[in-house]
Amino acid sequence: MNMRAFLAVDLDEKLKDEVIRVQKRIIDANAQLKFVEPENLHFTLKFLGEVSDSKVEDLKVMIEDKIVEYEPFKLYINKTGFFPHSGYIRVIWLGVENPEVYSQMQIDLDQEFVKLGFKKEKSYIPHLTIARVKGAKNKEALISLIKEMENVNIGDMMVDKLVLKKSELTPVGPIYYNLFEFKL
């Protein structure tokens, strides 16, 4: 059976209120937004798409083998931005000040994912998606609000595990299930 899967770092519980505070400020732009629910906030290391049960086993073994090279590390979340560009905003995110270890881990893992037949990532920008933009309404107000909050102090968190998640799409939004946890 196939499932929609991705590898992620969950947001530390202690930072969720700060992220919600930023989401509430963005509401002021009165734009067409769909906010990521607090329980779904995460950094995606790799979106895998549809994978079979047997492929999940291969992924599990590969991730376990690869992450032994990594110790727990700290991420400091302190930036706000958007993808892909100001002419067409799809995603509003929070970024990190010190992405080096995270980015290197993402690159190393991605090389292994490619060997298993997954598509290579184009870029490695650690980001926490906090909202998706659903239309162009009040785009200028939204951009200026995001720029105002460009440097935002969310806080720091220890990254000590990765989580392979299954995503079920529902009419009210995605529901995520943890398949496996990998300790650094």
Residue satisfying condition, being among the aliphatic types (A, V, I, L, M) and either closer than 19 Å to ASP12 by Cα or in contact with an Asp or Glu (Cβ under 8 Å, 6 or more places away or on another chain) (or both), within set VAL101, VAL56, VAL51, VAL61: VAL101
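Yes or no, residue by residue, for (1) over 22 Å from LEU184 (Cα atoms); (2) of a type outside the set (Ser, Thr, Tyr); (3) exposed (fewer than 15 other Cβ atoms within 10 Å of the Cβ); (4) more than 18 Å from the chain's Cα centre (by Cα):
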position: ASP17; (1), (2), (3), (4): yes, yes, yes, no
position: LYS34; (1), (2), (3), (4): yes, yes, yes, no
position: GLU37; (1), (2), (3), (4): yes, yes, yes, no
position: HIS42; (1), (2), (3), (4): no, yes, no, no
position: LEU48; (1), (2), (3), (4): no, yes, no, no
position: LYS60; (1), (2), (3), (4): no, yes, yes, yes
Reported set for segment 80-103 where residues are among the aromatic types (Phe, Trp, Tyr) and in contact with a Gly (Cβ under 7 Å, 6 or more places away or on another chain) is TRP93
Apart from one, (1) over 20 Å from VAL22 (Cβ atoms); (2) modelled with pLDDT of 95 or more; (3) surrounded by fewer than 20 Cβ atoms within 10 Å (Cβ to Cβ); (4) not aliphatic (A, V, I, L, M) all hold for THR129; the odd one out is (1)
State all residues of segment 105-126 that are surrounded by 13 or more Cβ atoms within 10 Å (Cβ to Cβ), of a type outside the set (A, V, I, L, M, F, W, C) and at pLDDT 95 or above; if no residue qualifies, say none. GLN106, ASP108, ASP110, GLU112
Could you grab me the full set of residues in segment 145-180 that are loosely packed, with under 14 Cβ neighbours inside 10 Å, farther than 21 Å from GLU37 by Cβ and more than 16 Å from the chain's Cα centre (by Cα)? LYS147, GLU148, GLU150, ASN151, ASN153
Among the residues of segment 68-95, count how many are surrounded by fewer than 17 Cβ atoms within 10 Å (Cβ to Cβ) and hydrophobic (A, V, I, L, M, F, W, C). 4
Quickly run through segment 64-92 and pick out the residues that are of a type outside the set (Lys, Arg) and closer than 17 Å to VAL36 by Cα. ILE77, THR80, GLY81, PHE82, PHE83, ILE89, VAL91, ILE92
Any pair with Cβ under 9 angstrom, 6 or more apart, that starts in segment 16-42 at a residue that is closer than 18 Å to GLU148 by Cβ and ends at one that is buried (at least 16 other Cβ atoms within 10 Å of the Cβ) and charged (D, E, K, R): ALA29/LYS139; ALA31/LYS139
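The values are calculated or read from the model by the stated rules, or taken from the named source; none is laboratory data. Being a predicted model, the structure only gives us computed values, none of them experimental. Positions of Cβ are generated from backbone atoms using ideal geometry, with glycine treated the same way; all protein chains shown enter the neighbour counts.
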